[in-house]
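Have a look at the structure below, then the notes.
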Amino acid sequence: MLGAMLREAWRAMGANRLRTFLTMLGMVIGVGAVVLMMAIGQGAQYSVAQTISSMGSNIFVILSGYTSTGGVRSGGGSAPTLNVSDAEAIAELDGVDTVAPVHWGSVQMVRGPNNWNAWVHGTAPAYFDARSWPIAEGSAFTDSDLRAATRVAVLGRTVAQNLFGDEDPVGKTFRIGQAPFTVLGILAPKGQNLEGRDQDDLVVMPLTTAQRRVFGTAFQGSVRQILVKASAPEVMPALEKNMEALLRQRHRLREGADNDFTLRNLTAVAESAAATTRVMSLLLGAIASVSLLVGGIGIMNIMLVSVTERTREIGIRMAIGARERDILAQFLLEAIIISVIGCAIGLALGVGGAALANTLAKMTVVVSGSSVLIAFAVAAGVGVFFGFYPAKKAAGLDPIEALRYQ
Amino acid sequence: MPEPVIRVESLAKDYDTPAGPFPALKDVSLEVAPGEFVAIMGPSGSGKSTFMNILGCLDRPSRGRYLLAGRDVATLDKDETAALRNRTIGFVFQGFNLLPRMSLADNVALPLVYSAIGHEERLARAGAMLEKVGLGGYAGSLPSRISGGQQQRVAIARALVNDPRLILADEPTGNLDSHTSEEIMGVFRALNDEGITVVLITHENDIALHARRLVRFLDGRIVEDRPTRQFLPSAASHRHPLPREGGRGEGTPC
């Protein structure tokens, strides 16, 4: 029965190839647009997610306050309002996983004939954990390096390449000023951050080493930033309040006075970026869906024409024993076949277009199995939905009238 | 006496028109026994087509009863009447009504699709039926490639393929020339000789005389019901089982 009906549908579609093709084209364009737009939208979401995970998860950043000299205010982190003991106090709070105080500066460094300028982050070993940043080669420095202020460093990939070229830097030395530093390890590459800055262009060393032997900081122990990693996303709001209260108390700020630090929930910032791309990809999908809808209406239109054209055939079939549901199934099947074939072609074009966008426009695209599945389900649904009315109309014809139809 | 194939009691059919109900059939009663060959005649507007539609379960009477092979059609739902049209009745139309895009074999096999019979068996039975009406070599052809008379033979094969108890033919020779008409009527007579009940509508006397019984309609009533004079017991011995295509006039007495 189904075999006969499939042959039937195939014959009917073959009877007017151009018309069938044009009807299908509506579905092809609709599905292709949906798949392509979803691929681009999900690609954008994917790259944002990548960036967010490169920042580390559940991260707070506390920046020290700004200096104000004669009304000229410097940026955040310029005043020595935070120090290592603040970090140690925060580490005692509930819900804190790790804490890493960070002091940084831009430094010129030399290795043989190469020299390079990069940011030096002086911090504690917890830094790597807080930023979820694994060491790719070699090892990180330890708490004893921090206590002893040994001249060791971990290089970002960009710095390693610029100083050492093809050499393996682990165990080798480079100079900052006249002081030699031993490379303990190389960080795994992280890529760009949300602002597009290369995160791999840095050198990480113990805070004590950096302050004593590189920057020569005036207030030893003061830091520009404290990285705090919370143990879970749920504790973050409470922890944020507790940290603020603690720091205000430690800094002896009076009621009503402004904070002399800035506390940022990086995860919240990242989430808003993610939400933006999510809305964007939803919007893209919604616009593309309109073309799918138009394709569906095209199918309905053609099926209605087809029912009218084949009125006599329907009458004959009814006279020789077709039940209403046989006629219904026949026309429904035709609509579904058109939309599913159109969907398959559209899928191929959409995936191809996504691949093209990836190679030509260097766009991040993600074609997920679920989007393919959704496209197929929607296409079959469109076939049923827009095929149903014409099929119902065909099945409801009066056989006598239909037989008389010229 | 065997159960009649058709039993109509006080049948009436009204059509709704803007000017009020129009009675197309008024109090028609008729019985057709198995193996009969009945010609229904009457001028246009006499109600014979309405009667045919009701006999074919395409239309329902306004009043009265219609029993087809002992079953009261009024009690059946749409699917059951579709099954009756599929298995109990074979239709032959004036305009042949073959589906133009299908091969002759597929056309003949079409009723079997609706009785859920498998592909292989469908083609085998369709082939056998085409053979029977003398078109065995044309199974793969399209209807447009053969003559009107041949098309009507294919339509008859289609009507026969599901082994019906009753063949209903509505002006089956209306689109054919007189010679081809004779051939087609020969086919009906041969079928009737095999025991198949045939009811046909015609407005041509020559055609009606092939039948054994003639029923005449006028203004929605039966005004005449008698055996035709050609129905002679001796005539049966002359009949050829089934005249082949082109075998003109071969022992088909008129």
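Here are some notes:
- When residues in the stretch A:196-231 are screened for being at pLDDT 85 or above, among the basic types (Lys, Arg) and assigned to a loop (DSSP other than H, G, I, E, B), 1 of them pass.
- Selected residue [surrounded by 23 or more Cβ atoms within 10 Å (Cβ to Cβ) and either within 10 Å of another protein chain (Cβ to nearest Cβ) or closer than 23 Å to A:Val307 by Cβ (or both)] from A:Gly30, A:Gly41, A:Gly3: A:Gly30
- Total residues in the stretch A:370-406, condition of a type in the set (S, T, N, Q), surrounded by fewer than 16 Cβ atoms within 10 Å (Cβ to Cβ) and either under 22 Å from B:Ala82 (Cβ atoms) or touching a residue at least 40 places away in the same chain (Cβ under 8 Å) (or both): 1
- Conditions (1) in contact with a strand residue (DSSP E or B) (Cβ under 7 Å, 6 or more places away or on another chain); (2) at pLDDT below 85; (3) at negative phi; (4) surrounded by fewer than 18 Cβ atoms within 10 Å (Cβ to Cβ): number failed by A:Glu244: (2)
Quick grid of which residues meet (1) without any contact (Cβ under 8 Å) to a residue 24 or more places away in the chain; (2) not hydrophobic (A, V, I, L, M, F, W, C):
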{"site": "A:Arg197", "(1), (2)": "yes, yes"}
{"site": "A:Ala210", "(1), (2)": "no, no"}
{"site": "A:Phe219", "(1), (2)": "no, no"}
{"site": "A:Gln225", "(1), (2)": "no, yes"}
{"site": "A:Glu240", "(1), (2)": "no, yes"}
{"site": "A:Met243", "(1), (2)": "no, no"}
{"site": "A:Arg248", "(1), (2)": "yes, yes"}
{"site": "A:Gly256", "(1), (2)": "yes, yes"}
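- Conditions (1) modelled with pLDDT of 90 or more; (2) in contact with a Gly (Cβ under 9 Å, 6 or more places away or on another chain); number of the one not met by A:Ala130: (1)
- Inclusion of B:Leu76 among residues that are crowded, with 18+ Cβ neighbours inside 10 Å and either among the hydrophobic types (A, V, I, L, M, F, W, C) or at the interface with another protein chain (Cβ under 7 Å from one of its Cβ atoms) (or both) is not warranted.
- Of everything listed in (1) free of Cβ contacts under 8 Å to residues at least 60 places away in the same chain; (2) aliphatic (A, V, I, L, M); (3) more than 30 Å from A:Pro125 (Cβ to Cβ), the single unmet condition for A:Ile302 is (1).
- Of all the numbered requirements in (1) among the small types (Gly, Ala, Ser); (2) part of a helix (DSSP H, G or I); (3) touching a helix residue (DSSP H, G or I) at 6+ places or on another chain (Cβ under 8 Å), A:Ala355 misses one, and that requirement is (3).
- Scan of the stretch A:292-323 for residues that are more than 14 Å from chain B (Cβ to nearest Cβ), within 30 Å of B:Asn162 (Cα to Cα) and either surrounded by 24 or more Cβ atoms within 10 Å (Cβ to Cβ) or not hydroxyl-bearing (Ser, Thr, Tyr) (or both), ordered by number: A:Val307
- Test: B:Ala12 is of a type outside the set (Lys, Arg) and either in contact with a helix residue (DSSP H, G or I) (Cβ under 7 Å, 6 or more places away or on another chain) or in a loop (DSSP other than H, G, I, E, B) (or both): no
- Within the stretch B:37-73, tally of residues that are surrounded by 17 or more Cβ atoms within 10 Å (Cβ to Cβ), more than 12 Å from every other protein chain (Cβ to nearest Cβ) and free of Cβ contacts under 8 Å to residues at least 24 places away in the same chain: 1
- Pairs meeting the criteria (first residue in the stretch A:123-139 and in contact (Cβ under 8 Å) with a residue 12 or more places away in the chain and under 15 Å from A:Ala153 (Cα atoms), second residue assigned to a loop (DSSP other than H, G, I, E, B) and of a type in the set (Val, Ile, Thr), beta carbons under 7 Å, at least 6 apart or on different chains) are A:Pro125/A:Thr142; A:Glu137/A:Val170; A:Gly138/A:Val170.
- Number of residues in the stretch A:324-336 that are out of contact with any helix residue (DSSP H, G or I) (no Cβ under 7 Å at 6 or more places or on another chain) and either buried (at least 22 other Cβ atoms within 10 Å of the Cβ) or away from chain B (no Cβ under 14 Å) (or both) equals 0.
Residue-by-condition table, conditions (1) away from chain A (no Cβ under 13 Å); (2) within 20 Å of B:Ala82 (Cβ to Cβ); (3) at pLDDT 95 or above:
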| site | (1), (2), (3) |
| --- | --- |
| B:Ser115 | no, yes, no |
| B:His119 | no, no, no |
| B:Lys132 | yes, no, no |
| B:Leu135 | yes, no, no |
| B:Gly149 | yes, no, no |
| B:Leu160 | no, yes, no |
| B:Pro164 | no, yes, no |
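- Of the listed requirements (1) surrounded by 17 or more Cβ atoms within 10 Å (Cβ to Cβ); (2) more than 11 Å from chain A (Cβ to nearest Cβ); (3) not in a strand (DSSP E or B), B:Arg85 misses just one: (2).
- Of everything listed in (1) surrounded by fewer than 23 Cβ atoms within 10 Å (Cβ to Cβ); (2) touching a Pro at 6+ places or on another chain (Cβ under 9 Å); (3) touching a residue at least 60 places away in the same chain (Cβ under 8 Å); (4) not β-branched (Val, Ile, Thr), the single unmet condition for A:Ala188 is (3).
- Boolean, A:Ser339 is out of contact with any Cys (no Cβ under 8 Å at 6 or more places or on another chain), buried (at least 22 other Cβ atoms within 10 Å of the Cβ), farther than 30 Å from B:Leu166 by Cα and of a type in the set (Ser, Thr, Tyr): yes
- Residue, farthest from the other protein chains (Cβ to nearest Cβ), within the stretch B:166-181, restricted to residues that are buried (at least 20 other Cβ atoms within 10 Å of the Cβ) and over 13 Å from the mean Cα position of the chain (by Cα): B:Ser181
- Across the stretch B:96-113, the qualifying residues are those that are more than 9 Å from chain A (Cβ to nearest Cβ) and in a loop (DSSP other than H, G, I, E, B), and the one among them that is nearest to A:Ala9 (Cα to Cα) is B:Ser103.
The values are calculated or read from the model by the stated rules, or taken from the named source; none is laboratory data. Just so you know, these numbers come straight off a predicted model, no measurement behind them. Cβ sites come from the backbone with ideal geometry, for glycine too, and all protein chains shown count toward neighbours.
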